[in-house]
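Visitor: I have a structure I would like to understand better, so I am pasting it below and will then ask my questions one at a time.
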Amino acid sequence: MYNVIQLFAKFGTHILFVVLEVICFYLIINYNQSQKEIFINSSNIYSAKIGEQKAILSNFANLKRVNDSLMRENANLIENLILIEYASDNIPNSDSIYNPYSLIPATICNSTINLRNNHITLCKGSREGIKPDMGVISSSKGIIGIVRSSSSNFAHVMTLLHSQTKISCGIKSRKGHGSLVWKDTDPLRMTLESVPKHEIIAVGDTIITSGFSTMFPRGILVGKIENFKIMSGSNNYNITIKLFNDLTDVKYAYVVQNRYGSEQLNLEKEITK
Amino acid sequence: MNNTVPTNIIRFLIVFLVQVWIFKHITFSFGGFVFIHFLIYPMAILLMPIKTPRSLVLGLAFVLGLMIDMSYDSVGVHTGALVFTAYIRNVIIAFLEPYEGYNIDDVPTIKNMGIGWFISYLSVGLLLHIFLYFSLEAFSFVFIFEIFLNTISSFIVTFIVILISQFIFRTKY
């Protein structure tokens, strides 16, 4: 008993401190919901954090697979958009799933942008159905180029930024169409030629593909009019266009497959003979 | 010596009321993340006379902490931090002991101990208190980054408020 009293005399304040702190912790844990939960699930917070990190890692590892499926999905959506563009002002076809165009998603392996004639190599080739003279469009908006040749696993694409590019384009919700060529060295600007000068156009009008060639369906967005002028003595506008897509950093592309393309070309060839 | 007890009781009550009525309602946040709280009540414990019995300081800290907790609806959090501050107070005082020791009636004020002593005493005590308060509030060191941010921002504003109050109310005891 004497020892106990001596102990209290010596360490009384320390014991009092410990007792008061224990009371405080008891109060904290019993009367505060959030601290109570943390006290009970303390280990779970750590395990949750670790699980979170693991999920981030595995998500990163799965990115390629996710990307592929997203591209497939995108291709379907763009196909539907093309279908809508045709259905809105044509007489609806009796076969409602009639769609002459289908898209093949592809990644871009190699590209040049700063030459006079620029090319892109796609990582898919004739094994996936890519053939010469198919159009290539970008994932968001805008067109990329035309397939020149294809091997079994790769395809060689002539981009818009090429001296021989000539793509038939129209002006959205106006009449008139011309051909899109690349004349200057700016990779964001192209020229639309041979739009007759009696057509009414304005700065800011949207340029879309006209659908007159077999390569691109109608209605793919290309760019907008930045300015235009009529050369003296010329009968046509000379229109500068700002492209929607930046060809210097495209990574994914869709190859447009036209089911009736060869049929149309053969027929046209017969007539011109 | 005669005025010491009433002065401390009045300060105890005024600090409690000011904390609950005014500073409880002032909080700042930057970007919804860093919060600034004014926690001036440790002042009542830290400014008690140096030779106050330690168990009395602990008991008063417990009572004041419970009073603060009741108005903050956070049972035990302020109390735990304040009891610890009251306990560590003597350690800080022993660390800062001047060469000739303390007098029996010394009080930790600017007038009595000098501004350098007072600032080091107040900053160490207050920083420990605020750090412990936010640790107990978060209750897990998973949130260590938030605890440190809260501690530093709240410490700076609280320290300034207490220092200004010391210059305005120059209490002798």
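Read the figures in this text as sums done on the coordinates, not as results from a lab. Bear in mind the structure is a predicted one, so any value in this text is a computation, not a measurement. Don't worry about glycine lacking a Cβ; one is built from the backbone with ideal geometry, like all the others, and counts go over all protein chains shown.
Visitor: I'd like the FRET efficiency for A:ARG65 and B:PHE141, computed as 1/(1 + (r/R0)^6) with the beta carbon distance as r and R0 of 45 Å, rounded to 0.05. Let's see the in-between values first.
Guide: On the way: r = 37 Å, r/R0 = 0.83.
After rounding, the FRET efficiency stands at 0.75.
Visitor: In a GNM of chain B with a 10 Å cut-off on Cα contacts, which of B:GLY125, B:GLY65, B:GLY76 has the highest mean-square fluctuation?
Guide: Highest fluctuation among the options: B:GLY76.
Visitor: While we're on this one: Along the charge dipole of chain A, Cβ charges K/R +1 and D/E -1, which of A:ILE56, A:LEU188, A:ILE15 sits furthest on the positive end?
Guide: Farthest towards the positive pole: A:LEU188.
Visitor: Average the reciprocal distances over every distinct pair of alpha-carbons in the protein assembly as shown, invert the result, and give the Kirkwood radius in Å. Present the calculation step by step, with values, prior to reporting the outcome.
Guide: Values: mean 1/r = 0.0341 Å⁻¹.
Taking every pair of different Cα atoms in the protein assembly as shown, averaging 1/r and inverting gives 29.4 Å.
Visitor: In deg cm²/dmol and to the nearest 500, what is the mean residue ellipticity at 222 nm of chain B if only DSSP H runs of at least 4 residues count, each as -39500 (n - 2.57), divided by the residue total? Mind dumping the intermediate values first?
Guide: On the way: 7 runs with 114 residues, N = 173.
So the calculated ellipticity at 222 nm is -22000 deg cm²/dmol.
Visitor: A further question on this structure: Cα to Cα, under 14 Å, and not fewer than 8 places away if on the same chain: which aspartates and glutamates meet these conditions relative to A:LYS229?
Guide: List returned: A:GLU193, A:GLU199.
Visitor: Let me ask another. Which residues does the label zone of A:SER173 cover in segment A:225-242, counting backbone N under 16 Å from a point 7 Å along Cα→Cβ?
Guide: Zone members listed by number: A:225.
Visitor: To continue, here is another question. Segment A:178-273: which chymotrypsin sites (Phe, Trp or Tyr not before Pro) are DSSP loop and have at most 12 other beta-carbon atoms within 10 angstrom? Mind dumping the intermediate values first?
Guide: Details: sites: A:TRP182, A:PHE212, A:PHE228, A:TYR237, A:PHE244, A:TYR252, A:TYR254, A:TYR260; in loops: A:TRP182, A:PHE212, A:PHE244, A:TYR260.
Of the chymotrypsin sites (Phe, Trp or Tyr not before Pro), the ones in loops of segment A:178-273 whose Cβ has at most 12 other Cβ atoms within 10 Å are A:TYR260.
Visitor: Assign unit charges at the C-beta atoms only (+1 for Lys and Arg, -1 for Asp and Glu), then state the dipole size of segment B:4-168 relative to its Cα centre in Debye, rounded to the nearest 20. Mind showing how you got there, number by number?
Guide: Details: 6 positive and 8 negative charges, 40 e Å.
That gives segment B:4-168 a dipole magnitude of about 180 debye.
Visitor: Where the eigenvalues come from the Cα gyration tensor of segment A:124-164, what are the semi-axes √(5λ) of the equivalent ellipsoid, largest first, in whole Å?
Guide: Values: eigenvalues 65, 31, 9 Å².
That gives 18, 12, 7 Å for the three semi-axes.
Visitor: Let me ask another. Which GluC sites (Glu not before Pro) does segment B:63-152 hold that lie in a coil by DSSP with at most 12 other beta carbons within 10 Å?
Guide: Details: sites: B:GLU100, B:GLU137, B:GLU146; in loops: B:GLU100.
Filter output for segment B:63-152: B:GLU100.
Visitor: A:ILE84 to A:HIS14: extension gain in nm, 0.36 nm per residue of separation minus the Cα-Cα distance?
Guide: Numbers: separation 70, 0.36 × 70 = 25.20 nm, distance 8.15 nm.
Value of the extension gain: 17.0 nm.
Visitor: Let me ask another. What whole number of Å gives the distance from the Cα centroid of segment A:166-227 to the Cα centroid of segment B:124-173?
Guide: Comparing the Cα centres of segment B:124-173 and segment A:166-227, I get a distance of 67 Å.
Visitor: Using all C-alpha to C-alpha distances in chain B, build P(r) with 10 Å bins and read off the rounded percent in each one.
Guide: 10, 40, 37, 12, 2, 0
Visitor: Between A:GLU270 and A:LEU77, what is the spin-label point distance in nm, taking each point 7 Å from the Cα along the Cα→C-beta axis?
Guide: Rounded to a tenth, the inter-label distance reads 4.1 nm.
Visitor: Another question about this same structure. When the helix-only estimate is applied to chain A (DSSP H runs of n ≥ 4, each -39,500 (n - 2.57), divided by the residue count), what is the mean residue ellipticity at 222 nm, nearest 500 deg cm²/dmol?
Guide: Details: 5 runs with 97 residues, N = 273.
Calculated from helices alone, the mean residue ellipticity at 222 nm is -12000 deg cm²/dmol.
Visitor: How big is the Rg/Rh ratio for segment B:54-136, C-alpha atoms only, Rh by Kirkwood, two decimals? Show your work: numbers first, answer last.
Guide: Working: Rg = 14.0 Å, Rh = 13.7 Å.
Taking Rh as the inverse mean 1/r over Cα pairs, Rg/Rh reads 1.03.
Visitor: With charges only on Cβ, +1 for K and R and -1 for D and E, what is the dipole size of the protein assembly as shown about its Cα centre, in debye, rounded to 20? If you can, show how the numbers build up before the last one.
Guide: On the way: 36 positive and 30 negative charges, 136 e Å.
Using only the charged Cβ atoms, the result is roughly 660 debye.
Visitor: What share of all Cα pairs of segment A:121-239, in percent, falls into each consecutive 10 Å distance bin?
Guide: Calculated over all Cα pairs of segment A:121-239, the distribution is 14, 42, 30, 11, 3, 0 percent.
Visitor: Among all the lysines, which ones have a C-alpha under 27 Å from A:LYS224's C-alpha, if same-chain residues fewer than 8 places away are not counted?
Guide: Straight-line reach from A:LYS224, under 27 Å: A:LYS141, A:LYS166, A:LYS172, A:LYS175, A:LYS183, A:LYS197, A:LYS242, A:LYS251.
Visitor: With +1 on each Lys and Arg Cβ and -1 on each Asp and Glu Cβ, and nothing else charged, work out how big the dipole of segment A:164-273 is about its Cα centre, in Debye to the nearest 20. Don't jump to the answer; show the numbers that get you there.
Guide: On the way: 15 positive and 11 negative charges, 39 e Å.
Rounded to the nearest 20 debye, it is 180 debye.
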